Amino acid sequence: MKRTFACPIKIPLFLLLLLCLLTACGGKPTDDAAKEVASMQTMSETYVDTMRLTLSPFNRQVICNGRISAAKKSDLRFSNDGIMLQLHVKEGERVGNGQIIATLDKEKRQREVEKAEHDLLRARVELTDKLIGLGYDADMKDVPDDVRERAEVTSGYYSAKYQLEEAKRALQDCDLHAPFAGRIANLEGRTHQRSDRICTLIDDSGFDVEFKVLEAELNSVRMGQTVRISPFISEELVLDGVVTCVNPQVDEKGLVKVTAAMRGHDDKLIDGMNVRVVVEEKLDNMFVVPKDAVVERDGYHVIFCYRDGRAVWTYVDVLHSNINSFAITGCKRKETTVSDGDIVITSGNLNLADGTEVICYGH
């Protein structure tokens, strides 16, 4: 920011009259009166900050609200029906891949395995008898494959073997294992009860963020673009994300859904948290001013340029905006222009009028 110098404002007429009255009453003004006059003179002066306008890059920003979701999430439930005997985890607990989450009562499944083993043994006897009846030895070494296959089917051996495998699998499924590492959420399972869903397992090592942009802002979003993500609970925390998906459809509200994968991770983030998403696009050769430099007058955007110690009213158009700045140009409807090197007033401009005498801070 470059500050410039302006000549002090002249002493107003009413202050001169006050000095005359004080002098007439007492010969010459007292020290207190002189101080009061000096104070009134200072209060009547308008001090401002300025900057020199130059072409520079501008980060156009689209600011959206979004929600993060874990990249990997699963509702865990038993594949078999039964009474849950043990629950090995608590809500919020971290578990490793393959760790046991809960266990069903295994007594019924164990009996089914024992019965299937007995049925397989009986079917094996039937198979041996059939092959011996066909003229083959009991060891079944020289039995052709097609003959053996028919004998296994007709003797019930094939079916019994399959039933045993299913019974063993059902017994193993009485232990519910974590399919990946993560945290336990929405714990619904209760011991000695039947439960459809036991819990939700969330892998919070990575998150996706889903947000929506206006149809008119869609040109500012592209695949692979970097976005900045901040949770509402901590605006100081800023993480980067990369746009991975742009839904090719505009909804009834004129919005387009966009998904970004977050690069960073923080323990403060949890599934479903609301966040602010900032999409930035770098534009070159823009006249950039702080937002405080632009005020509204008569329904137009206005800046005040500093010229010869005075504030000069200048209409402008705002091309783009971000959190802190505007990219401006001359007002098309008012046929005004701004140029490289113009000195723009950036503070103290709320009550200025065209031609107001001003003083720059530091001079």
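The values are calculated or read from the model by the stated rules, or taken from the named source; none is laboratory data. Because the structure is predicted, anything quoted here is derived from the model rather than measured. Cβ atoms come from the backbone with ideal geometry, glycine included; neighbour counts cover every protein chain shown.
So that you can scan it fast, the table gives a plain yes or no per residue for (1) assigned by TED's automatic domain parsing to the domain that holds K268; (2) outside any loop (DSSP other than H, G, I, E, B); (3) surrounded by 14 or more Cβ atoms within 10 Å (Cβ to Cβ); (4) modelled with pLDDT under 95:
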site	(1), (2), (3), (4)
A24	no, yes, no, yes
A33	no, yes, yes, yes
Q41	no, yes, yes, yes
D81	no, no, no, yes
E91	no, no, no, yes
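Would you mention how many residues in the range 172-196 are free of Cβ contacts under 8 Å to residues at least 40 places away in the same chain and within 11 Å of L87 (Cα to Cα)? If you could, list the steps in order and put the result at the bottom.
Going residue by residue through the range 172-196, those that are free of Cβ contacts under 8 Å to residues at least 40 places away in the same chain are 172, 188.
Among the residues that remain, those that are also within 11 Å of L87 (Cα to Cα) are: 188.
Selection size over the range 172-196: 1.
Going through the range 265-301 one residue at a time, which ones are within 21 Å of V62 (Cα to Cα), under 11 Å from the mean Cα position of the chain (by Cα) and either loosely packed, with under 15 Cβ neighbours inside 10 Å or not hydrophobic (A, V, I, L, M, F, W, C) (or both)?
Within the range 265-301, N274, R276 meet the criteria.
Residues to consider are L134, L121; find the one that is at pLDDT below 90 and assigned by TED's automatic domain parsing to the domain that holds E166.
Details: L121 fails: at pLDDT below 90.
Just one listed residue meets the conditions, L134.
Report those strands (runs of 3 or more DSSP E) wholly inside the range 148-243 carrying at least 3 residues which are crowded, with 16+ Cβ neighbours inside 10 Å and under 38 Å from the mean Cα position of the chain (by Cα).
182-185, 199-214, 226-231
Report yes if some residue within the range 264-279 is among the acidic types (D, E) and assigned to a strand (DSSP E or B); otherwise report no.
Going residue by residue through the range 264-279, those that are among the acidic types (D, E) are 266-267, 271.
Now drop any that are not assigned to a strand (DSSP E or B), which leaves none.
No; the residues of the range 264-279 include none that is among the acidic types (D, E) and assigned to a strand (DSSP E or B).
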